[in-house]
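Undergrad: Once you've had a glance at the structure underneath, I'll fire off some questions.
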Amino acid sequence: MADVTVGSVQFHVQRLAGRRPAGARPVHPVVFVHGLGMDNLSSFYFTLANPLSNAGAEVILYDLRGHGLSDRPRTGYQVGDSVADLAALLEALGVAGPVHLVGNSYGGTIALGFALAHPERVASMVLIEAHLTVAGWAEQMKATLCRIGSDLAAGNTQLWLSMYHRKHARMAERANDLINGTTFLTDLLTVDPLDPRSLRTLECPVRAVYGEHSDAVDYAHQLDQYLPSCALTVLPGFGHSVLMDATVALRKIVLSWFATQTHSVSR
């Protein structure tokens with residue numbers, strides 16, 4: 001566990017050393033990127049990160065700016081800021097080579113943005129319910145986040161705590177501060193729409209997982225259409241929260257995927 005300062009922002013980071021079998025060759029680190037609002041690195045810790053570390057992968061988790069135990073500056077929440085934060089954080093951690101990225105929801109948006117900006121730094125990606133910043137994305141996010149922000153400002157936290165499987169009101173308080181006390185919302189919506197055809201430039205293998213009833217499932221089909229190397233699974237009966245609601249199935253998918261990508265991470 002460590003705090004790493006990048007520019008003027010201190011990030012909360014956790015690294016898990018992979019338990020590689022004797023004689024196994026080193027593999028690229030796996031970097032987990034969580035979603036927005038009440039989310040933080042803890043949503044990955046026991047669901048995917050520890051199992052993957054136990055299977056031999058070096059794992060890096062961090063709280064996005066404004067989330068978890070990282071600093072919450074008033075500004076700097078554009079998609080490009082999050083991509084730049086990830087690049088600077090890897091540099092500060094001394095990670096010079098390619099990494100495997102696992103992104104959930106908005107974390108998948110960051111992973112895709114990072115891969116487009118730094119394709120040589122990405123060995124593969126697992127995108128869980130990833131959003132694409134295509135035309136219409138900003139309007140969709142504004143409606144969702146404004147609704148959440150209004151509920152949080154009014155003290156109506158139970159719905160969102162239930163949705164994200166959180167037990168502590170402090171998380172809702174931090175989300176309220178983030179959405180209603182910073183430029184988070186306006187920054188996030190200041191984004192140039194992505195032409196999905198640009199995804200054709202990404203050559204790294206991608207494993208995409210979505211819930212059948214998710215409001216983001218349309219993005220899954222765009223990934224499948226435009227990414228040169230994409231394996232897509234749509235989990236029947238699930239919505240957007242597949243990380244929490246379909247953990248066992250998702251864990252099997254991720255472990256199997258990295259076994260094929262690294263040749264030293266077993267099922």
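Undergrad: Whole-Hz Karplus ³J(HN,Hα) for region 216-229, in order, using 6.51 cos²θ - 1.76 cosθ + 1.60 and θ = phi - 60°, x for Gly and Pro?
TA: 9, 5, 4, 5, 4, 6, 5, 4, 5, 6, 9, 6, x, 9
Undergrad: Also, I was wondering about something else. Out of every Cα-Cα pair in region 1-122, what percent are more than 20 Å apart?
TA: Percentage above 20 Å: 38.
Undergrad: So, one more: State, in angstrom, two size descriptors of the chain derived from its alpha carbons: Rg to one decimal place and Dmax to the nearest whole number.
TA: Cα-based Rg and Dmax for the chain come out at 17.4, 57 Å.
Undergrad: Now, a different point. In nm, to one decimal, how far is the modelled label at Thr201 from the one at Val4, with both set 7 Å along Cα→Cβ?
TA: 2.5
Undergrad: What order, most packed first, do the peptides 98-107, 179-188 have when packing is the mean number of other Cβ atoms within 10 Å of each residue? Please list the in-between numbers first.
TA: On the way: 98-107: 25.6, 179-188: 17.7.
Packing order, densest peptide first, comes out as 98-107, 179-188.
Undergrad: Can you list the residues, at least 5 places off or on another chain, whose amide H is less than 5 Å from the amide H of Gly66, using H built in the peptide plane?
TA: Excluding prolines and chain starts, which carry no amide H, the hits are Asp71, Arg72.
Undergrad: Could you list which residues have their amide H under 5 Å from that of Val31, counting only those 5 or more apart in sequence or on another chain, with H placed in the peptide plane?
TA: Counting only residues 5 or more places away or on other chains, the set is Ile60, His100, Leu101, Val102.
Undergrad: Something else: What residues qualify as long-range amide H neighbours of Leu36, i.e. H under 5 Å apart, gap of 5 or more or another chain, H built at 1.01 Å from N?
TA: Hits under the 5 Å cutoff: Tyr106, Gly107.
Undergrad: Moving on. Would you mind calculating the gained length between Val248 and Tyr45 on full extension (0.36 nm times residue separation, minus the Cα-Cα distance), in nm to one decimal? Kindly include the intermediate steps, with their values, before the conclusion.
TA: Numbers: separation 203, 0.36 × 203 = 73.08 nm, distance 1.39 nm.
Stretched out fully, the Val248 to Tyr45 stretch lengthens by 71.7 nm.
Undergrad: What percentages make up the Cα-Cα pair-distance distribution of region 54-144 when the bins are 5 Å wide from 0?
TA: Answer for region 54-144: a P(r) of 3, 12, 21, 27, 20, 11, 4, 2, 0 percent.
Undergrad: Of the heavy-atom accessible surface of the chain (probe 1.4 angstrom), what whole percent is carbon and sulfur? Each step should come with its number before you reach the end.
TA: Details: 5920 of 11560 Å².
With neighbouring chains kept in place, the figure for the chain is 51 percent.
Undergrad: Shifting gears a bit: Taking only protein heavy atoms into account and a 1.4 Å probe, give the accessible area per residue of the chain in Å². The partial results should precede the final answer.
TA: Numbers: 11560 Å² over 267 residues.
I get 43 Å² per residue for the chain.
Undergrad: Sticking with this structure for a sec: Using the Karplus equation 6.51 cos²θ - 1.76 cosθ + 1.60 (θ = phi - 60°), what ³J(HN,Hα) coupling, rounded to whole Hz, does each residue of region 188-193 give in order, writing x for Gly and Pro?
TA: After applying 6.51 cos²θ - 1.76 cosθ + 1.60, I find 4, 8, 8, 9, 6, x Hz.
Undergrad: Show me, for region 82-99, the HN-Hα J-couplings you get by feeding each phi into the Karplus relation (A = 6.51, B = -1.76, C = 1.60, θ = phi - 60°), rounded to Hz, glycine and proline as x.
TA: 5, 5, 5, 4, 5, 4, 5, 5, 4, 5, 5, 7, x, 8, 9, x, x, 10
The values are calculated or read from the model by the stated rules, or taken from the named source; none is laboratory data. Since this is a predicted model, take the numbers as computed values, not measurements. Positions of Cβ are backbone-derived with ideal geometry, glycine not excepted, and every protein chain shown enters the neighbour counts. Accessible surface is based on the protein model in full, side chains and every heavy atom, while ligands, DNA and RNA are left aside. Shrake-Rupley method; radii C 1.70, N 1.55, O 1.52, S 1.80 Å.
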